[in-house]
Amino acid sequence: PPPAPAKPRVPPLLVTAVHPGGPADKSGQIGAGDHLVAVDGQPTDVLSLESVHSLIVGPADTPIALTLRRGGPNGAERVLRLTRSYRNVKAMADVTVASIFTV
């Protein structure tokens, strides 16, 4: 049988904003222009924006690990460990990402 078709790659998710006062802002380690590579170890390049958003949103005071890349496709990756905070009814890591759309 022929090999299964490869999953389409989506463009890297770009951090477009960090909400002031949120966990990402307070960490000082994430900023606009960073690429979100994985959420809690799950690669974002095979997920929809909605799926990525659902991984980022979670109960307040729970941990989240964001794998980020700075400096383009060959930039170094790093894992940022944050604790979600309560904000606007939903607890988030307070990161806005975009591919074609902004979440």
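What's the ranking of 33-42, 13-22 by average number of surrounding C-beta atoms within 10 Å, highest first? Working shown, then result.
Values: 33-42: 17.8, 13-22: 16.3.
Going by the mean number of other Cβ atoms within 10 Å, highest first, we get 33-42, 13-22.
Pull out a ≥ b ≥ c, the square roots of the eigenvalues of the alpha-carbon gyration tensor of segment 19-72, then state rounded if a/c is under 1.5, prolate if not and a/b is larger than b/c, and oblate in the remaining case. Before the final figure, lay out the partial values.
Details: a/c = 1.86, a/b = 1.07, b/c = 1.73.
Oblate.
Compute the signed sum of charges (Lys and Arg +1, Asp and Glu -1) over the other residues within less than 11 Å, Cβ to Cβ, of VAL37. Please report the intermediate quantities before stating the final value.
Values: positive: ARG69, ARG70, ARG78; negative: ASP34, ASP45, GLU77.
Taking every other residue near VAL37 into account, the sum is 0.
By how many nm would the segment from ALA65 to LEU14 grow when fully extended, if each residue of separation counts as 0.36 nm and the alpha-carbon distance is taken off?
Difference between extended and current length: 16.7 nm.
Any chance you could run the full-extension gain for GLU50 through ARG78? It's 0.36 nm times the residue separation minus the Cα-Cα distance, nm to one decimal.
Numbers: separation 28, 0.36 × 28 = 10.08 nm, distance 2.31 nm.
Extra length available between GLU50 and ARG78 comes to 7.8 nm.
Just so you know, all these numbers are worked out from the coordinates, no wet-lab data involved. Keep in mind that what you see is a predicted model, and the values were worked out from it rather than measured. A quick note on method: Cβ atoms are made from the backbone with ideal geometry, for glycine too, and the neighbour counts reach across all protein chains shown.
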